[in-house]
Amino acid sequence: MTPMMFRQKREIAWPSSYLRLQALSPTAYPAYRSGSSTLHGGWTALLLQDLRQVEGGFSLDHQLAPAVQPMTTAGMIITEAALRYLESDGDEAERYVFADRLGVVLEKLQTLEVAHEEWMQRLEQDEGSMAEGQMTPMAEGPD
């Protein structure tokens, strides 16, 4: 098989993403587009977060702090949507198999979100202390 063997998007007669999402809500498409940029990044994120200017050009900025919030948020939204589907349209067997598992996934994502936020706040405090010339337990290493 080669890529040319597959029909192109315009040949399969599917409506555009815009039309499909309009069926859900008039605000679904803008949310879809902005969410896509958040997850996959865009020029703004690249310029503000991932690059730093160096002599003669730019270099990747290898940050200590990953931007996990977009991924945990997407995970929570998807999990919430699945739970709502189960409540409204799922049958008894689907609820039996998936409801508890999805609840656990949602709890773990929420725990990750809180832990990451606490870590980010601690990192900011430590960076502030280091800028003032003070050492903190995190900067010193393990006891």
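Read-outs: derived from the displayed coordinates by stated rules, not from any lab. This structure is a prediction, so every number in the text was calculated from the model and none was measured. All Cβ positions, glycine included, derive from the backbone under ideal geometry; neighbour counts span all protein chains shown.
Structure summary
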| read-out | value |
| --- | --- |
| Matching residues, the range 22-32, being farther than 19 Å from Pro70 by Cβ and in a helix (DSSP H, G or I) | Gln22 |
| Every pair of residues 6+ apart whose Cβ atoms lie under 6 Å, when the first sits in the range 70-89 and is farther than 18 Å from Tyr32 by Cβ while the second is among the basic types (Lys, Arg) | Leu86/Arg95 |
| Tally, over the range 82-107, of residues that are exposed (fewer than 11 other Cβ atoms within 10 Å of the Cβ) and either among the charged types (D, E, K, R) or under 21 Å from Leu24 (Cβ atoms) (or both) | 6 |
